[in-house]
Structure formats: C-alpha cells, structure tokens
C-alpha cells in the first residue's frame, strides 16, 4: 500500500527540478540542433513526466501491478505510433494539393 | 456436496470493527485501497491512449507539413505557454502536498492545499481563454473564415513595425500557408481544447473533494478519494508537459 | 463456370487472374483439410464416447505437449507458405510493367470517368485492347471510391488528393463488370460500368471513331496556349519561365538549393501551386492554378509537357521518395 | 429425490421488488439481468434491419426500399449489432453474472461503477436510437471520411456520439473485470485454477480498456471536423482520409476479438462440462486467449490492403495477421481433443458448442484468405468478407452467447427451459445460418461488392438462397425468447447443479443469494475435476 508518506522536501525538490527542466526545454528549442531538436524535446518531456509519475503519483512505492499497468499503456501507445509510422514512412508520397472543383475549371474552347 | 470447495472455517477473528468506509465485498481496507489504485491506473491507461490517438495524428501531420507547423507554431505566444506550464507544475506540487496532508490526518492543510490547487487550475483556464481569444481575433480558428495572413495584414495596417530580426522570409508562399496551416490549428484546438475540458473536470473534482474534506470524511486510514483525484490531476499535468513542447516549440530557432 | 446456369466462379480474363485463382484454390484446399481435420474427429468422438450412464466421468487427460507443439508449428508453417505466395502475387499485381498503355480513371460521386491518351473520354464505359498491359492511374474528386474489375481480379481505392496505380493485361475479348467497392454514398451501387476488351485491330478502329478532340496531348497543347503558359515557357529557355523541352525525367536544381526530378507529381505540383519548387535562376512569378483548372485539363497539360520530351519513356521513372524534412 | 427440489425462499431476485431496488442495485447479478433485457431489445432492432437488407437483396434491382433507405439499413444494422449487441453481450450479461461467483468473490471490485456502466449503455443506446428515429445515418458502420465528414447529410454526429458514450460502458466493464480478477480471488484460487471463462474475460477486458479509447478519440476528431469545420481528415485542406482508417481499425480489429473471446470462454466451459472431462491443454487454451488479445493489436491494416497503404506496410501487416490465426487454431484443436475419451452428452448447450466449433472453424479459416495479400485484393469489400465476419460473429459469438445463456439459465433463474424446443431452435439456427451465409462466399468471389442494393442479374439465385436462409435464421432466434419466458413460470426446478458441472458458481444455490456464498469459499482443487461431483439431475425429457 502507499502508506508511505514522503517528506515535503522531496516534493519541493521535484517541483524545482520540473521548473528547471521546463526552462531547459524552452532554451533547447532556440538552439538549432537540426533533426535532434524533436528527440531532445521529447526526452526532456518524458523525463519530466517520469518524475511526476514516480514521486508525485507515488508509483515508486506501489505494487508491481500498478507499474505493469502503466507500462502496458505506454507499450500499446508505442504500437499504435510505430505501426502507423511503418505505413507513412514507407509510403513514397508527399502531400499534393487535392484536385480542384471541376465546376470552376477552365474549359478549352 | 463437497467438491473443489471446502468451506473455510472462520480464520482470523474479526478483531477490529471494519472502518465505516470499507465496502461489504472487500475483506479489508487495504484490499479496497489496492483495488482503487489499480482501477484508477487502468482509467489513466485509457486516458493515455485517448490522448495518444491525437498525438499520433499530430506526429503524422508534423512529418508531412513541418514547415507549415513551424510557421504556425510561431503564432503561439511563448510567454503564456510557459506561464501555463509553470502554473500547472505548481498545481501538481500543491496537489501532492494536499495528498500528504490527508495522509498525515491534517484536515486544515488538506483543505488549504486543495483550494490552492483549484485556484491554480482556474488560473490555467484563464490563460487558455486569453490565448483562444487572441486566436479568434487573428482569424486563426480553422473553418470557413480561416485566414492565416490576416495577422500580417492586421499588423501592417496598424503600423506595427515587426520586431527587428522577427521578420524573415517564410519558407512557404502565403497560399500554401493558408492551405496547410489549418491542420496545425485544427490539431491545436482539438488537443488543447480536450486538455482544457479535462482541466475543467479536474477543477470540479477538486471542489467535490474539498467539500468532502471539509466534512471530515478523510483520516489517516481512509483518504483514497484525495489520492485518486491527485492521480487524475497529475495525469492532466503530464499531458500538458507533452503538449507544451509539441505545440509551442516546434521550430523556434530559425 | 456455372452450375444449372448459375455462375459460381468468375471468368479469368486477365493474365494474373490464373495466379490469383491458383493461390485461392491452394488456400481453399488447406482450409478444407483443416475443416475436416476438426469436424471428423469431433463427430466421431461425439458418437464413440457418448455418455452411457449418468455417473460416467471422462478420462483424466491433462494435455499433451508434443501434440500441442505439433498443431501450433504446422499451421504456422502453412501460414508462412500462404503469406509468401500471397506476397509474390501481390508484388506482381502492384508493379505495372513499363510499356503498359496508360489511362486515367477519375472517380466522382457515382460515376467513373476514364481518360484515354488519345483523347477519348468515357463515363462508366471503358474500351481497351486485349493482349497489352494497361496501367490505370486512379484518383477521386470528392470521397473515397474503389475501382474494381472482378474479371481481372484487381482493385485499387481512389483517394482524393492522391494517385494510385492499378494494372492488368486483358486476354479474352468480351465485356466484364466494373464496380465501385468503397462505400461512397447514395448511388454507390449505381457507380458501375462495363469494360469491353477488343481485339487490337478493333480497338484501333474504335479509337479512330472517337477522337474528334484529338489526342490528350493535343488538347493539352491547346490548353497550353489558352492559359498563356507559352508566353513564359519559351522553348529557347530565354522566357521568364524555364523551357519545358526534354525535361521529363531529368533532375533540376531548385532556388532553395535542393534538387527535384521532373515527373508527373512535380509537374502537377508546379502547376497547382507554382512557388513550391521553382527552378534555380527563375523568379517565382508563375500564378498558381489551384482552383482554376479541372482534373482532366490538368492531366491533359501534363501529357502535353511529357510529349515535349520524346526521349523520356512514356512513363517517367518512379519518383524517388521526396527528401525528408 | 428430484421432486423434493424447490426454489429457495431467499435469493437475489426476492431481495426487494421495487423498481428502485432494481434501478439503484449494486448487485452484479441484477445488473446482468438488466443488461440481458436491454441487449435483447437492441438485438431485435438490429435484426429488423437485417431482414430489411435481405428482402431488398432478394431482387437484383433495388425495389423494396430506395438506395438511401438501404444505406441506412445496413449502417444501422452494423452500428447496433456491433456496438450495442455483440461487444456488450457475453461480458456484460454472462461475465457480470458469473465472474464474481466463479472466483469466489461477493461482488465485482466497483459495484457502483458497474451500475454506472449500465446507465451509460442505456444513455448511449437512447442517443443512437433517437438519431435512428430522426433519420438514421448512411455512412456504413465504419464512418469512413471524407464521406462521413463532409458528404453525408445524415445524422452522423448523433450516432457517432452514441457510440462514443457506449464505448465508456465497455471500458468500465473491462476495468471492473481486470481489478476483480486481480484482487478479489478467493483464497486458494490461483491463476491456474481459474476457469477458462475467466481467462477469456480477462483477455477481453484488456482489449476493451486498451482499444476503446482510440475509437473514442477518432470519433472526437470526426466530430470536431464535421461540427466545427476543422481540417483533420479533409483532403481538400491537406488532411489524409487513410489516417482515419488507421485510427479506426486500431480499435475495430481488436473489437472483433472482444466479440469472439468471451464466446471462446463459454465454449471451454461447455465442452468440458458436457464431455465430463478436463479441458485438453488448459494452459495452452488460457495463454492463447492472452495471445489473441495482444496480437489483435498489431494486425489492423489487413482491412486496408487496397486503400492506399504502402506495399511494405501491407506485407508487414499480412505477415502479422497470420500470427493471430495460430492461437485460434490451437483453441479449436484443444476443444476437439477434449472430447476424446470423454462422456459426451448432447444437451442444448452442447448442441450450440458443436455449432460454434463448426462455424467458428469455417469463419477462422476464411480469414486466412483475407490475410493473404494476393487474394485479398480481389476479395476486399465483397460479400466474401461479409460472409467471413458473419461466420465469426453470428456463427461464433452469437452461438457462444446462446450456448452460455442456455447453460447458465438454470443458475440465473433456478428453472429449466424445455429441452425439446431448445434443441429444435439450436438446429434451426444452425441450418438457417448456413443457408444464409454460405452462398455469400460464392457470390463474394464472383465479385459482388458490399453495400450494394442493386446487383447484376446473374447473382440473383445465390442472393435469393441467402434471403431464404435469413428468414429461417430469424425464426431460430425468436424461439428462445418464447421458451425462456415460458420457463420462468412453468419451468422444472433446476436445483443448484443440474448439469453436474465443476465450477464454483455451481456450489451456490440457484438462483443465488445476493452475496453469492454463505461463507468465503476455499478452493483446493483443479478447475475441471469431475471426480467429486455427485450428479443430482435425473435424465428425462419433457
């Protein structure tokens, strides 16, 4: 059970680290790292999220089943994203402006 | 008629009278609490996949229309976005402290922290209203009168000289921007709108829990509702932690 | 093939119809075997081990690991055979041969508009020569449709805003069904037609009869002048727009430094929104024709530009995947 | 000794007769009974549309109803049958009633949430029925954009919101089952002493919890696009209709396993009880339920082989689709092997089990055609697909549901139905079903597309056969309503264990007490041990 009561100091440190990380995210958006920008932003956001989950939501001291539930959710989200990307990355297709409305078409005389 | 089941003798005597909040079909309060935690996490699992569907649509269109996304993302004010992130992380802290106060049977501070969390939630919603109002003013809401270039024309008319270095050659022509940035704003409004809706539900939940705390329903043994609404609140905060970089910081460095 | 006059098997009118049917019969045989492998023992056990008196209990059998592995591994192997054969037939279906006769099919709510290179335009009717591979580029103007030739065993969805290609080689002259198999509204079941496969000679004769508007490229040429493209795109290359002579299939340098191969997709994009990929050394002056030109006219213009580079084969090589951002 | 059996005085149906005691009940058994009633209503509404479709297709030209009405018929038939009958049927009725007693618990983990799930189901049904009455929707149950988002002028948004609401009822049921099975098992009830019915529902609940939110967000995106004019899937403004199909089928294929897995759970119980023998390969059958649940999530694009996905993606999904066929095959072989050296008796539930085994085998095998790329290009969206999924859903899920209903009816009501009429109805359903759907395989390979209300003349004979079979099937479904209601008053008293079955739920009296067991049961034996059970039922036919 999560009868575990964590000290206030732990919560405050987690809060401060989250604020610092937000600053880092914003700063890193202004540094041009080419295609690295997106993974870095996601890593920082993921780390912040895991801080909140681990300490604020007490998952650190809860049963394995709770940890398993969270892991399952993330796993199936990863399946949805990865397998949709399988199609979109291998599709040799860049978006085209769609065909026009024939009503406004120029008719050859 | 005995088969797979031999009727159990009364093992442990019922020494402690069951806590008033313990429901009849649970053996003890610990089992009930454990069930509630797993049930809540399963619900959060559905929320992860609920927002996940939107994130997948966002990822696909971001790969397809990266320039349009970068251009449109620059229209969002970084100040309000950053402030909102800070407000929400703060509310997460106060929520955690509220749960801690409930655990240590400190009714006064439970109520105080819960009220502060509610206020921070309302501040967040207020900032969202400000941002939405700005989008509506600039015709950036997708639909019939969506007009991406209205913002520039509007600035030029009022004679605002664009900030030095601010003006640079957008990589797409005005027609193309008009054509493809609607997707960005459709996703922006759907994602932040859904998040705001969850925030409103969260504020409502906070008020109910504060009222229950005020009625003294919680003590060191039974504070499950506070913890469950805490889990929900932290989840809504995590969604914003992902939304902020995805929507506001697409490509700020050019 | 039909029993008592009821057709129970579609006729094989295209070259790969036989391959598809061979695969179909293989899977049918495997399924019949497994259906019997389940049905016969189940019925036999039912009769043989019928309960005789009320207190009778079945034997104490927990399970049998080798048997379980047996009926997990064997179906997996058979499944892989089906998968491999299916993939080979699918690749054959989805890669049109280079020398195919090119057609356009535009799906519009409840009609199929076919567009021949020689200029004929047919609605819900299609005349094609037998014995030659035919490639149809399919697109739609409003909702999803799906061009389906049951006799040729092939089908592809028509998606607005995208080209999909389906091909077949008709063998037996005759007329066969055309269906729309992606639900598209009220008259979805009316969006049907007949494809008539003609002997090559009869097809040529049919062509002569129809072509009053001249070939698609000729119509494109007239459009080229009507829309004043010729004022900028001068063959000498000294006009405000780049020369369009012999450009199909070549790779050109663009203003922003990247390069692009000139193919159907590039031509189409440069017509509809011209500032997208402007060639190096030219100003982005060209007006966009988005909303000003219909699908058929767009296709006619592309054909005309392609006819100006006779060296390039009738179909430009498949465009390489566009550079990822 | 039998005639001394009489209905016990105290049981859950006598625990308060006021409407309030039913509408505000927290007892999982009463909620199950209310689900049974609502589901049967929805089943017959959906069935009416099926009759409309089959009458229309009896003639090549669509002259029974107009094209629009026919489009609304098959859409409402699909929507109501899938979302309001098949998905809730076995979990909400048999699962709700039986999972707590089967694992030795007094009730589900969250009884109030269970009642909320019922109310949400009612609210969603009323929403959809209102939309149907006001004009229905004609987009097909798949709601493909851009037709559903911009071209259809029917009630797309209300029906979509009705499904959105009903999705939450499904999530809550799944959530309740997972927590109950994890945390409320009786002492001694380890995972491998759980009946296979509970394993199947555990796997189903996993899919319900993991899949339903994705269709919920897809409906929200369709809603914002259609109601507010956003541009998420609109090709005119750069959106991609194929993305809608990806997100829709990510849920809708696992939803097919939500429908069939509980029926497989019922099958394991029926085959074991009526051959008086342990299930052959218990752990293989249990783990194949989980395998189906997990593999079900990685195969969805076999619905989209011809809708413009890349050749590479088509190959990957075709390969993975075969991985899902293997666990179903393993289950079918294990059921057949269970009959070996058993003591097989052919009461009505066993007739349904035999029907399930035959029809599900055909349904599963025809799925192999559609997973194979080369053949699917020809068969996609033809009547071959319609026949395939009806063999799985009607031949599998509904036969399983009816088999389960006939098997646990004595436990739910304490009375037996007429054995003769129930066998007649089982055989009528089996025969009617085959005459309806087998010709559709043939007309499907001929190339008759789905959702056509007018078709070429040469396909008429096969369609008339199918329409004829449909009337026989319809009759077969009406019979159970009659003899079930008749049995409530005049049925023979069943006693606690009429079939001599081995589950924990057969230790309770029937109909059971509100708190199921007088004392907490202690489980010390394997799940399907018949060596200890004294058969109290005397064999005679009414």
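Derivation of every value follows stated rules applied to the coordinates shown; laboratory data play no part. Treat the numbers as computed from the prediction; the structure is a model and nothing was measured. Positions of Cβ are generated from backbone atoms using ideal geometry, with glycine treated the same way; all protein chains shown enter the neighbour counts.
Ranking request for peptides D:99-111, A:60-72: highest mean number of other beta-carbon atoms within 10 Å first, then the rest in descending order. Walk me through the numbers on the way to the answer.
On the way: D:99-111: 24.4, A:60-72: 15.7.
Per-residue Cβ counts within 10 Å, averaged per peptide and sorted highest first, yield D:99-111, A:60-72.
Within chain C, antiparallel bridges make up roughly 70 percent of the DSSP beta bridges whose residues both belong there.
Stokes-Einstein at 20 °C, 1.002 mPa s, Kirkwood radius from Cα pairs: D for the stretch D:2-506 in µm² s⁻¹? Could the numbers behind the result be given before it?
Values: Rh = 23.3 Å.
Answer from the Stokes-Einstein relation: 92 µm²/s.
The relative contact order of chain C comes to 14 percent, based on Cα pairs under 8 Å that sit 6 or more residues apart.
So what is the calculated 222 nm ellipticity per residue for the protein assembly as shown, using -39500 (n - 2.57) for each DSSP H run with n of 4 or more, over all residues, to the nearest 500 deg cm²/dmol? Display every interim value, and only then the final one.
Working: 32 runs with 671 residues, N = 1230.
For the protein assembly as shown, the value works out to -19000 deg cm²/dmol.
Pair-distance distribution of chain C: all C-alpha pairs, bin width 20 Å, starting at 0; shares per bin in whole percent are 24, 44, 21, 9, 2, 0. Assign one of three labels to the stretch A:1-75, namely rounded, prolate or oblate, based on the Cα gyration tensor with a ≥ b ≥ c the square roots of its eigenvalues; rounded applies when a/c is under 1.5, prolate when it is not and a/b is larger than b/c, and oblate otherwise. It is oblate, given that a/c is not under 1.5 and a/b is not larger than b/c. Please average, across the residues of D:298-304, the number of beta carbons from any other chain that are within 10 Å of each residue's own beta carbon, and give a whole number. Taking all residues of D:298-304 together, the mean is 2.
Please sort B:19-31, D:488-500 by packing, taking for each peptide the average over its residues of neighbouring beta carbons within 10 angstrom, highest first. Please list the in-between numbers first.
Values: B:19-31: 15.0, D:488-500: 18.3.
Output ranking for B:19-31, D:488-500: D:488-500, B:19-31.
Can you give the mean number of other chain Cβ atoms that lie within 10 Å of the Cβ atoms in peptide C:168-177? Could the numbers behind the result be given before it?
On the way: counts 0, 0, 0, 0, 0, 0, 0, 0, 1, 7.
Average neighbour count from other chains, rounded to a whole number: 1.
For C:76, D:413, B:117, the sequence from fewest to most other C-beta atoms within 10 Å is C:76, D:413, B:117.
Tell me whether the stretch C:216-307 comes out rounded, prolate or oblate; compute the Cα gyration tensor, take square roots of the eigenvalues as a ≥ b ≥ c, and use a/c under 1.5 as the rounded threshold. Judged from the Cα gyration tensor, the stretch C:216-307 comes out rounded (a/c under 1.5). Measure nothing fancy, just the Cα-based angle from helix D:111-133's long axis to the longest principal axis of chain D, in degrees from 0 to 90, nearest 10. Its long axis makes an angle of about 40 degrees.
Hull volume per residue, based on the alpha-carbon atoms of the stretch C:101-210 and their convex hull, is 83 Å³. Where both bridge residues fall in the protein assembly as shown, DSSP classifies roughly 70% of the beta bridges as antiparallel. Based on C-alpha pairs under 8 angstrom that are at least 6 apart in sequence, chain D has a relative contact order of 19 percent.
Per residue of D:315-324, other chain Cβ atoms within 10 Å of the residue Cβ number 4 on average.
Pull out a ≥ b ≥ c, the square roots of the eigenvalues of the alpha-carbon gyration tensor of the protein assembly as shown, then state rounded if a/c is under 1.5, prolate if not and a/b is larger than b/c, and oblate in the remaining case. Write down the numbers at each step before the final one.
Values: a/c = 2.32, a/b = 1.26, b/c = 1.84.
In terms of gyration-tensor shape, oblate.
Each peptide in C:16-24, D:296-304 was scored by the mean count of other Cβ atoms within 10 Å over its residues; highest first, the order is D:296-304, C:16-24. At the listed q of 0.07, 0.12, 0.13 Å⁻¹, the Debye profile of chain B, built from one uniform point per Cα, gives log10 I(q)/I(0) equal to -0.37, -0.80, -0.89.
Just the number, please: percent antiparallel of the DSSP beta bridges in the stretch C:101-210, rounded to the nearest 5.
Values: 27 of 40 bridges.
The antiparallel proportion sits near 70 percent.
Seen against the Cα atoms of chain C and their longest principal axis, helix C:17-48 is set at about 20 degrees.
For chain B, the relative contact order comes to 32 percent (Cα pairs under 8 Å, sequence separation of at least 6).
As a proxy for reagent exposure, D:268, D:252, B:171 were ordered by neighbouring Cβ count within 10 angstrom, fewest first; the result is B:171, D:252, D:268.
Relative to the dominant Cα principal axis of chain C, helix C:216-226 is inclined by about 40°.
By the count of other C-beta atoms within 10 Å, a proxy for reagent exposure, C:6, D:362, D:279 are ordered fewest to most as C:6, D:362, D:279.
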